[in-house]
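The structure appears below as C-alpha cells.
All of the numbers you see were taken from the coordinates with simple rules; none came from a lab. Just so it is clear, the structure is predicted and the values come from calculations on it, not from any experiment. Cβ atoms come from the backbone with ideal geometry, glycine included; neighbour counts cover every protein chain shown.
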Amino acid sequence: MQQLAMLVASFLLSAFATWLSIRYAHHRNLIDQPGQRRSHNEPTPRGGGIGIVAACVLFFVPLLFGIYPGATGAAAAILFGLLVVAVVGGLDDHFGLSALVRICAHAVAALVLAYALMRRDGFIAVAVFAFFIVSSINLHNFMDGIDGILGTQALFVFLVLGCFGAQYVQPEYARPMWVAAAAVLGFLPFNFPRARVFMGDVGSGALGFLIAAALGVGVDSGLLVPAQVLLLISGFAIDAGCTLVSRMLRARRWYSAHREHLYQWLARDMSHARVTALYGAWNLLIVVPAMLLLEKTDGHDEAITAAVYAIGIALWIFGKRWCLYKAKSWLRDA
C-alpha cells in the first residue's frame, strides 16, 4: 500500500508541476518557435520536464539510499548530479548557456557519481562511466526533438529496470524504478500525442543523467551486465551515433545544432506519433527479445549485442535512404 501511494504521489506531483510549468512558461515567454532546426509547427512552451525532476528528487532518489550496502554515497551523488544537471538545463532554457558551460557542469556531475559508484574498480572504470554519463545526458537531449519520443523511451527503460529488480527479488532496486516511471508517466499526457509543452533541457538532461545513474547502479549491484545496458539504450544510441559519424564523414560541424537525426527526417513525412511508435516498436520487437535471449544464453553477450546494433545500423541507413527518396519525389512533383 505504501508503494502504491508513492507511485500515485510521484505521478500526481509530476503532472501538477508540469501543468504549472505551462503557465509559468507563458508568463515568462519561454516558448519554442517553429524554425528550420525544429520539428514542430506551432509555438510551444518549454521546461515541462521540471515535473519529472521534482518527483524524482522527492521520491526516486530517497529510495536509492537503501539499495545495497554502500549505496548511501551513490544516492547522495545522484541527488547532487541531478540537481546540477537540472539547474544548468533550466538556466539554459531561460537564458541560453554556452556549450562549454553546460559540458563542464555535466562533467562535474558525472565525475562525482562515477567516483561514488566505481572508485573500487579503479581510475579507468571511473573515467569510462563518467564519459558514459556525459554521453547519456547529451544523447537524450539530442533525441528530445519530437512529441513523446524521449518520454516513451525513458518510460520503457525504467519499466524494464523495475521488472529486472522484481524478477531477481531486489525490491530495493525495483521500487525507485517504478517511481521514476510514474514521474515520466505524469509528464507524458502533456507531451504526447500532441505536445502542449516540451521537456526542455531541464528535463531531457536530467532524464539522461537519471537513466545513466539507474543503469550504473544496476551494474554495480550485479543486477545488470554491460550488454543489457547497451541494448536498453540502443534505439537512441544507434540514431545519434550514426548521425554523428555521418556528419563527421561529410565534414560537417558535428557539435553544432542540426536536424539530421533519422527521427527528425521521418517526422517530415509522417506524424510525430507514428515516428515515436516506430522507436517504441524497436524496443518491443528487438530490444526485449534480445534481452530475453541474453537471459537464456551464456557467453554470447557480445554476439547478441553486435547483432542488434548491426540490425539497427542497417535500418538507419535504409530509413535515411527512404527519406531522401521521398524528398526527391516531392521535389520532382513540385
Item to complete: Among D298, D147, rank each residue by its count of other Cβ atoms within 10 Å, from fewest to most, as a rough exposure measure.
Response: D298, D147
Worksheet item: What is the spread of the Cα atoms of the range 225-334 along each of their three principal axes, largest first, in whole Å?
Response: 55, 30, 19
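With r defined as the distance between the Cβ atoms of R196 and E295 and R0 fixed at 30 Å, what FRET efficiency is calculated, to the nearest 0.05?
0.15
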Practice prompt. Rank the residues C56, C104, C242, C323 as a footprinting-exposure proxy: fewest other Cβ atoms within 10 Å of their Cβ go first.
Written response: C104, C323, C242, C56
Response to the item:
With the dipole of the range 195-330 defined by +1 on each Lys or Arg Cβ and -1 on each Asp or Glu Cβ, the option from V219, G299, A281 whose Cα lies farthest towards the positive pole is A281
Response to the item:
Membrane-span-like helices (DSSP H runs, Cα span along own axis at least 15 Å, mean Kyte-Doolittle at least 0.0) in the chain -> 2-28, 71-95, 99-118, 123-142, 149-167, 171-187, 200-220, 234-249, 272-282, 301-333
Worksheet entry | Sorted by Cβ neighbour density within 10 Å, fewest at the top, the residues R247, R46 | R247, R46
Discussion item. Straight-line reach only, C-alpha to C-alpha below 17 angstrom: list the aspartates and glutamates that K326 could link to, leaving out same-chain residues fewer than 8 apart.
Written reply: E260, D269
Worksheet item: Stretched out fully, how many nm does the piece from L20 to L284 gain, at 0.36 nm a residue minus the Cα gap?
Response: 91.7 nm
Fill in: Among A130, F192, L232 - extreme Cα towards positive end, dipole of the chain, charges at beta-carbon
F192
Practice prompt. Multiply the residue gap between C104 and R274 by 0.36 nm, knock off their C-alpha separation, and tell me the result in nm, one decimal place.
Written response: 57.6 nm
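For V8 and S256 in the same chain, what is the full-extension length gain: residue separation times 0.36 nm, less their Cα-Cα distance, in nm?
Extending this stretch completely gives an extra 85.3 nm.
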